[in-house]
Amino acid sequence: MNKYSERLYNGLIKENPTTVMMLGMCPTLATTTSAINGLGMGLCTLVVLVLSNVVISLLRKIIPDEVRIPAFIVVIASLVTIVQFLMEGYFPALSQSLGVYIPLIVVNCIILGRAEAYASKHSVGLSMFDGIGMGLGFTIALTILGAIRELFGNGTIAGAQIMPKSYVPISIFVLQPGAFFVLAILIAVMTKILSRPKKVKTSEESAHDPATCEPADCAGCASKGSCGKQIFAETVKAGVKDAQGNGGDEA
Amino acid sequence: MNDMIHVSSSPHVRSRMTTGRLMHLVIIALLPTTIFGIYNFGAKAAVVLLSTIISSVLTEYIYQRAMKKTVTISDGSALLTGLLLGLNLPSTAPWWVGVLGGVFAILVVKQVFGGLGQNFMNPALGARCFLLISFTSIMTNFPQIGDSAATPLAALKAGEAVNTRDMLLGFTSGTIGETSTIALLVGAIILLWFEVIDIVIPGLYILTFLIFIVIFGGHGLDPTYITAQLCGGGLMLGAWFMATDYVTSPITPKGRIIYGVMLGVLTGLFRIFGSSAEGVSYAIIISNVFVPLIEKYTIPRAFGYRKGGKKS
């Protein structure tokens, strides 16, 4: 993995702004009433984030350290203003439904956070990829959040009817409490996946057939009956035998 | 081993009251209300009650099995949550609303926060408010009992006359468990008799509410209005059976007073100044989330200590 794709992975999964760093909660909770709104909000933030990272990275040697925060804000605010006018011009409906949350991108912690923590210290290319990774992570999280809320709260995804006609929408999902419920579940699932211990595969282990494998250091051990290692190995063996169709009576 | 020299660590004196016994007593105290509810609203009420009870108990069982915890469905707490939730639903609610409520009460409000003793709000009321927000039309679709399908409180709010005798006995419209004041009071007496609850929280709740409606209700001391406000809606069910929930009410003596007064004021506010005629559920769950704060500021002074926890 080179350092550019590492930036993308970092933003999308490892330091996902929504589910891991929990930044930018205000637009996350407020605008995700539907998949389209979530996607729109995410893409607006993505554009501003990439551009602000690039500009700030370009200016990082010029901006004096003492006034860097006001300088970052000026850059971000200018970009947000451009995005806001473009949205009003080309997507008036989406702009209407996102409302005040588009101008509020100025104070989104993700953007200022990436400017301060990354773009002001790294090269333009890396900063751009950092912005893309973070922005995509935010967009995907918001779209999933919006899609789940829209599905349960309205029976549709992106306006298309998914649930059968007889489905009674659980309208709490498109109201504020629903945002918290779905976000909590999303974070729980993400944490569970990320905290799963990585499988360490040694060459010796993969060479063995699990059906005949026995932990070598268990042979002379006094507590091998009660220790989890042996039991685990036996469970694996039994499972493999069952799968082969000749187990059961031997055990 | 010889009992004379048997040494064990404290506590040496134990109450015979266990969690299971306690829950079963509350369930027994709710039986008059339950039976009257089924009598008043018919077999549909029984279906609603069954759906909430079965889904609550099953959710608790499945969750605890899946999370490899001790299965505690035999202590009756899930059963009680299901029963209370069922009593808080209208009899016209379809069965899946009850099931959804039961799952939400146990899974989201209770187990996710750590199970019995850790829930931050009353599971039954949390689920009721979840359903009320989600399915407003289903949850306020009350069956016709007697002359009117409106609940006495709604009629009162609209300025119509109410029959206080029917309200005392329970022959009015409303949720399954809230209509009969007499049946609820019988249950309350059982709870007080066996010292399951003490009078402070429900007593102060009702008293504060009474004072509030006399001052702000706009009817002064009109006995019909006061009786209707006291007997109508979920006040009696909430005050005796749900505000007194051990987990979600303060344990400090001063805290109980604050909690009771807060409940009364909030209920009065919601009923008189709110857009809806009823406010007991929200009053209780809002007070529930204030309980940790109330307890923090009302810790009694320990013997031998000065105010502020310094040793004298």
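What the table below lists for this structure:
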{"read-out": "For A:ILE157, distant residues with modelled amide H under 5 Å away", "value": "A:ILE162"}
{"read-out": "Span-like helix ranges in chain B, DSSP H, alpha carbon extent 20 angstrom or more, Kyte mean at least -0.5", "value": "B:19-41, B:43-66, B:200-216, B:253-273, B:280-297"}
{"read-out": "Spatial separation of Cα centroids for region A:160-187 and region A:99-138, in angstrom", "value": "29 Å"}
{"read-out": "If the convex hull is drawn through the Cα atoms of region A:37-141, its volume per residue in Å³", "value": "82 Å³"}
{"read-out": "Region B:174-252 versus region B:108-166: alpha-carbon centroid distance in Å", "value": "15 Å"}
{"read-out": "Cleavage-rule hits (chymotrypsin sites (Phe, Trp or Tyr not before Pro)) in region A:85-176: DSSP loop, at most 14 neighbouring Cβ within 10 angstrom", "value": "A:TYR167"}
{"read-out": "Trypsin sites (Lys or Arg not before Pro) restricted to region B:1-69 and DSSP loop, no more than 15 other C-beta within 10 Å", "value": "B:ARG14, B:ARG16, B:LYS68, B:LYS69"}
{"read-out": "Karplus-derived 3J(HN,Hα), 6.51/-1.76/1.60, for each residue of region B:174-179, Hz, glycine and proline x", "value": "x, 6, 4, x, 9, 6"}
{"read-out": "Per DSSP, loop chymotrypsin sites (Phe, Trp or Tyr not before Pro) in region B:193-261 with at most 15 further Cβ within 10 Å", "value": "B:PHE194, B:TYR246"}
{"read-out": "Length-normalised contact order for chain B - Cα pairs under 8 Å, 6+ apart - percent", "value": "17 percent"}
{"read-out": "Calculated log₁₀ intensity ratio I(q)/I(0) where the Debye formula runs over C-alpha points of the protein assembly as shown, q = 0.08 Å⁻¹", "value": "-0.78"}
{"read-out": "Lysine-lysine proximity count for chain B, Cα under 18 Å, sequence distance 8 or more or distinct chains", "value": "6"}
{"read-out": "Region B:19-297: equivalent-ellipsoid semi-axes (sqrt of 5 x gyration tensor eigenvalues, Cα, Å)", "value": "28, 22, 16"}
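Rule-based calculations on the coordinates, nothing more; no lab input. Small disclaimer: the values here were computed from a predicted structure and weren't measured. Positions of Cβ are generated from backbone atoms using ideal geometry, with glycine treated the same way; all protein chains shown enter the neighbour counts.
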